[in-house]
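Data first, discussion second: the structure below is written as structure tokens.
The values are calculated or read from the model by the stated rules, or taken from the named source; none is laboratory data. In this text, all values refer to a predicted model and were calculated from it rather than measured experimentally. Positions of Cβ are backbone-derived with ideal geometry, glycine not excepted, and every protein chain shown enters the neighbour counts.
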Amino acid sequence: MENQSVIQIKNLTKIYRDFWGRKKVRALNSLSLDVKKGEVFGLLGPNGSGKTTTMKLLLGLLFPTEGEITILGKPASDVSKNEWIGYLPEESYLYRFLNAEETLDFYGRLFDMSPQQRKERSNQLIELVGLQNARKRQLKEYSKGMTRRIGLAQALINNPDLILLDEPTSGLDPLGSRDMKDLIVKLKNEGKTVVMCSHLLADVQDVCDRIAILYAGELKELGRVEDLLKEQNETELLTSKLSPAAIADVEAALAKHSAKLIRHGHPTNSLEDLFLKTVQKSQERPGQRYVPTASEKS
């Protein structure tokens with residue numbers, strides 16, 4: 001079950017055309033990737049890289065020019081799959097004159113939930129996102145951070161298997177951001193699959209198992225976060241506390257000073273460094289794409 005693909009994208013291309021049908025923008029170019037069951041997957045890229053287009057294609061709001069998308073075993077064009085998907089857009093479309101309870105009750109009706117189910121699920125989600133003290137306030141009185149919280153609750157009302165999050169920590173203070181990231185990890189631990197886009201790279205680094213970096217509609221990097229951030233050409237050693245004399249002589253004889261080798265491996269960059277390096281390479285070498293190794297294909 002761990003290797004089961006929840007999302008399969010094969011050679012996906014999306015071309016936007018103008019009024020006369022002429023090619024205007026190639027938003028995606030032969031994108032291929034899989035998202036596995038139970039992982040948190042980060043979709044990264046600068047503005048215009050194709051992240052939002054990919055999200056809309058996954059939801060069936062757009063149709064691909066070429067390629068295939070399979071979600072939860074169904075084609076992306078099959079709207080019945082959306083019953084098992086939760087979606088938090090970058091800007092939540094909520095009714096300003098409803099309160100939190102009314103908002104969740106309204107969206108619960110879209111999934112044909114009984115009144116008792118809607119009430120129980122709404123109470124559970126309001127507590128989960130920390131809006132107990134604002135459950136009766138109209139949404140027009142909410143701050144942006146509170147709006148993100150109720151937007152997430154709305155995305156989870158149907159207890160989905162797959163959750164798509166577009167900028168989930170946008171507008172949240174550091175404590176709220178930490179709560180949101182903890183919640184994403186909690187969803188993963190419950191067996192949910194989460195795909196998230198974010199410009200806050202530290203947030204992605206904190207919670208994602210794997211990431212894909214897009215640039216100009218093409219896949220430039222793909223892999224586990226810890227693997228991508230390793231500096232393969234350097235090695236670092238972590239030892240127990242050394243005296244000044246031992247530090248001066250460490251390259252010659254670490255063991256002579258009874259220093260314990262705690263860990264060795266490759267030093268890591270930050271996700272921000274990786275992201276900027278990938279974008280810079282893409283600008284210098286347009287058309288160069290991510291190519292999986294033989295071991296990754298197997």
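The figures follow:
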item	result
Residue satisfying all of: in the stretch 88-106; of a type outside the set (S, T, N, Q) and buried (at least 19 other Cβ atoms within 10 Å of the Cβ); nearest to G171 (Cα to Cα) among these	L88
Qualifying residue in the stretch 110-118 (condition: surrounded by fewer than 18 Cβ atoms within 10 Å (Cβ to Cβ), outside the structural domain of E90 (by TED's automatic domain parsing) and either aromatic (F, W, Y) or under 17 Å from D173 (Cα atoms) (or both))	yes
Test set (1) in contact with a strand residue (DSSP E or B) (Cβ under 8 Å, 6 or more places away or on another chain); (2) of a type outside the set (K, R); (3) at pLDDT 90 or above - D18 fails condition number	(3)
Counted residues, the stretch 148-176 - those being modelled with pLDDT of 90 or more and of a type in the set (S, T, Y)	0
Residues of the stretch 56-80 that turn out to be part of a loop (DSSP other than H, G, I, E, B) and not charged (D, E, K, R), as a count	10
Residue within the stretch 175-183 that is of a type outside the set (K, R), within 16 Å of the chain's Cα centre (by Cα), farther than 20 Å from V279 by Cα and crowded, with 22+ Cβ neighbours inside 10 Å present	yes
Condition met for T53 (touching a strand residue (DSSP E or B) at 6+ places or on another chain (Cβ under 8 Å), on the phi < 0 side of the Ramachandran plot, assigned to a strand (DSSP E or B) and modelled with pLDDT of 90 or more)	no
Filter pass, L44 being in the same structural domain as E167 (by TED's automatic domain parsing) and either surrounded by fewer than 20 Cβ atoms within 10 Å (Cβ to Cβ) or out of contact with any Leu (no Cβ under 6 Å at 6 or more places or on another chain) (or both)	yes
Some residue of the stretch 144-167 being closer than 21 Å to G50 by Cβ, polar (S, T, N, Q) and either touching a strand residue (DSSP E or B) at 6+ places or on another chain (Cβ under 8 Å) or in contact (Cβ under 8 Å) with a residue 12 or more places away in the chain (or both)	no
First in the stretch 195-221 and over 18 Å from D34 (Cβ atoms), second anywhere and modelled with pLDDT under 95 and aromatic (F, W, Y), Cβ under 7 Å, 6 or more apart	L201/F275
Selected residue (only one of E101, E83 is assigned to a helix (DSSP H, G or I), touching a Lys or Arg at 6+ places or on another chain (Cβ under 6 Å) and in contact (Cβ under 8 Å) with a residue 12 or more places away in the chain)	E101
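Results for (1) surrounded by 19 or more Cβ atoms within 10 Å (Cβ to Cβ); (2) over 14 Å from the mean Cα position of the chain (by Cα); (3) over 12 Å from I9 (Cα atoms); (4) outside the structural domain of T169 (by TED's automatic domain parsing), shown as yes or no for each residue.
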{"site": "V35", "(1), (2), (3), (4)": "yes, no, no, no"}
{"site": "V40", "(1), (2), (3), (4)": "yes, no, yes, no"}
{"site": "T52", "(1), (2), (3), (4)": "no, no, yes, no"}
{"site": "L58", "(1), (2), (3), (4)": "yes, no, no, no"}
{"site": "I71", "(1), (2), (3), (4)": "yes, yes, no, no"}
{"site": "D78", "(1), (2), (3), (4)": "no, yes, yes, no"}
{"site": "N82", "(1), (2), (3), (4)": "yes, yes, yes, no"}
